[in-house]
Amino acid sequence: MAERWDVIVTGLGAMGSAAARELARRGLRVLGLDRYVPPHAHGSTHGRTRIIREAYFEHPAYVPLVQRAERLWRELERDVGDRLFVRTGGLMIGAEDSDLVRGARASADEHGLPYEMLTSAEVRGRFPVLAPERHAVALLEPRAGVLFPEACVRAMLGCAARDGADLRTTEPMLSWRVEGGAVRVATAMGEHVADHLVLALGPWLPEFLDGAQVQLRIERQMQHWFAPRAHAEGFSPDNLPVALWETSDRMFYTIPDFGDGVKIAVHHDGEITDPQRVRRTINEQEDASARDLLQHFLPEAAGELRERAVCLYSNTTDGHFVIDHHPMHHEVVIASPCSGHGFKFATVVGEIVARLVADEPIEGLSLFHCRG
Ligand SMILES: Cc1cc2nc3c(=O)[nH]c(=O)nc-3n(C[C@H](O)[C@H](O)[C@H](O)COP(=O)(O)OP(=O)(O)OC[C@H]3O[C@@H](n4cnc5c(N)ncnc54)[C@H](O)[C@@H]3O)c2cc1C
């Protein structure tokens, strides 16, 4: 007879590794399955750095979650003795009434977060490698920073395994069904049976929704790293905050040089695709477009192109996450926090998933309900 698990976690990327860690920590018998060997570069959780910020322009409801997530990242750092998080401060740069600046300020005011407002000239004075548009302003929040996603996933999987989770890589789920009070997950190795199933499949989730009305659009995103051609010290994480920029036609972000170059990426202007047919190469025109953006806003960063990578966003229609029970199968939990801003929350998502599995009441999740 097949061994019966308390929980099967499918997908061991950012959310699945966090869920497996938290479930195992609570003493549950956990089986984790992944299609690849995480951390890997096929999904949404690669590219060396992820921004963590508190003055949350997307919605003030995220602020308590990111604060809890940060405490848990620190706890994880202490647990594994590895550096996972560096505080750099964060700039939100745009017109005073832009979604970015207005939204970040509203979140900061609602939650009493520390911040400063700077004029464009003040930004240039404090951070001479930045060249915001003359009419722009910036919200500077001191508590933002950078997480190292591959190290974070490695750390969470290490803790999960240490606490007894059985983690099996290169064993993709082929299908799942609920039958006779159990969840049955089929893989090429056979059938696994559990009381609960967590779907943490990132951009692969749409194949496995089984009737849940979650509209996800998978978007190709590019990340570029350039070596500064002058004033390298001005781009170091000690001297330069992470920055989100909103201009009249796009939003993009820049991350200081942690040794691999200054990172730049546009937020949401990619092709709609899926993990099977996504174009994983980047052409010269796309490199030139990233360089042009740097030349305009961080001109001295636009030196030699060091590296580039394609990554995937899983976007909901409203840009918020889905973290909920499956609408037809209460024993199945869906964890799809992406829309391009989910990584920073992974630790707290792991905790929320574990509480959903345990049927504990949780406040403040209405933005993340599965509709349908
Ligand atoms: C370029 C880029 C920049 C970003 N920047 C930020 C940022 O600065 N700050 C921030 O907070 N967020 C950011 N995000 C968003 C964040 O990275 C994502 O929200 C997060 O990584 C999503 O994690 P996930 O676990 O849902 O997906 P993934 O990490 O992709 O995990 C899904 C896992 O499921 C596995 N899988 C797939 N199919 C199967 C199957 N059939 N059986 C078993 N396993 C399977 C995959 O192998 C994979 O390991 C960014 C995303 C991208 C792409």
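Does Ala131 qualify as being small (Gly, Ala, Ser), farther than 14 Å from Pro241 by Cβ and in contact with a Pro (Cβ under 7 Å, 6 or more places away or on another chain)? So Ala131 fits the description; yes. Screening the range 1-26 for residues that are touching a residue at least 12 places away in the same chain (Cβ under 8 Å) and part of a loop (DSSP other than H, G, I, E, B) and picking the one that is farthest from the ligand (Cβ to nearest atom) gives Arg26.
Apart from one condition, Gly32 fits all of (1) within 11 Å of the ligand (Cβ to nearest atom); (2) closer than 28 Å to Gln223 by Cα; (3) touching a residue at least 40 places away in the same chain (Cβ under 8 Å); (4) not charged (D, E, K, R); the exception is (2).
Of the strands (runs of 3 or more DSSP E) lying entirely inside the range 155-226, those containing at least 1 residues that are in contact (Cβ under 8 Å) with a residue 40 or more places away in the chain and closer than 20 Å to Ser44 by Cβ span 166-168, 173-179, 190-199, 217-226. Checked against (1) within 24 Å of the chain's Cα centre (by Cα); (2) away from the ligand (no atom under 15 Å from the Cβ); (3) in a helix (DSSP H, G or I), Glu300 passes all but condition (1). Within the range 313-322, one or more residues are at positive phi and either within 14 Å of the chain's Cα centre (by Cα) or of a type in the set (Ser, Thr, Tyr) (or both). Taken as a whole, the condition of being near the ligand (Cβ under 9 Å from one of its atoms) and either at positive phi or at pLDDT 95 or above (or both) applies to Ala309. When the range 35-62 is examined, which residues are found to be surrounded by 19 or more Cβ atoms within 10 Å (Cβ to Cβ) and either more than 13 Å from the ligand (Cβ to nearest atom) or over 17 Å from the mean Cα position of the chain (by Cα) (or both)? Selection gives Arg35, Ala55. Just need a number here: residues in the range 1-24 that are among the polar types (S, T, N, Q) and farther than 15 Å from Trp176 by Cα. Looking only at that region, the number is 1. Among the listed residues Thr273, Thr254, which satisfies the condition of being among the hydroxyl-bearing types (Ser, Thr, Tyr), at pLDDT 95 or above and closer than 27 Å to Phe127 by Cβ? It is Thr254.
The values are calculated or read from the model by the stated rules, or taken from the named source; none is laboratory data. Quick caveat: nothing in here was measured; it's all calculated off a predicted structure. FYI the Cβ positions are ideal-geometry reconstructions off the backbone, even for glycines, and counts take in every protein chain you see.
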